[in-house]
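So the structure is just underneath, and the comments pick up after that.
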Amino acid sequence: LFNRARLVTLKAVPVTGLIRTDAYQEACQEIVGVDKRGVCIRLQKDDFEESGSLESAITKLLELLRVPPADTDLVLDLGSLHTENGEEPLIDVISLVKSIPSIKKWRSFVLAATGFPVDLIGLPPSETSTVWRSEWTLWRSIPVPGRGYWAKMSAGRPTRKSPPLPSLPDREDQQQGN
């Protein structure tokens, strides 16, 4: 796949995770060594529940791939947040984000989730209906000071420099309204 991408001058970046086969990680290592464009590590909710340290697992993977955090895109993939009863999922995203080591050292950090239902049974066909999107509710509940800052433009074009990551409040600060 990456050989084909190189032939048509696509600048692909390999994506891996903490729970991949040795052969998969070795393939990523080879791609990283040849293309020198870094790597993307996809973290899933289960990665935070595994025994042992998340930090040591990430460090071990980066050492294997021979890539520093500054050349690594980190994706926290929460997966499906859809619940049958429409209630918000009980995910403490802030604590997950805070448990990621040295978050400001990564090339980029992405939070991904979906709340779209598995099927649309129960919605009338050929009519416009409203579907509860729990990921939007979750996104709106994350305290991001100056939320509009993320969309600022420079001379009509997106800026190439990443904006600073916001300081995330501790759970106690949130409960006290600080």
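The values are calculated or read from the model by the stated rules, or taken from the named source; none is laboratory data. Note that this is a predicted model, so its numbers are computed, not measured. As a convention, Cβ positions derive from the backbone with ideal geometry for all residues, glycine included, and neighbour counts pool all protein chains shown. With ligands, DNA and RNA removed, areas are computed over all heavy atoms of the protein, side chains included. Shrake-Rupley method; radii C 1.70, N 1.55, O 1.52, S 1.80 Å.
So, in nm, how far is label T130 from label R37 when the simple model puts each one 7 Å beyond its Cα toward the Cβ?
With each label placed 7 Å out from Cα toward Cβ, I get 4.2 nm.
Can you pull the percent of the stretch 9-58's accessible area that's carbon plus sulfur, 1.4 Å probe, other chains left in place?
Values: 1500 of 2990 Å².
Carbon and sulfur together cover 50 percent of it.
Per residue, how many Å² of accessible area does the stretch 1-85 show with a 1.4 Å probe? All intermediate terms of the calculation are to be shown ahead of the outcome.
On the way: 5230 Å² over 85 residues.
I get 61 Å² per residue for this part.
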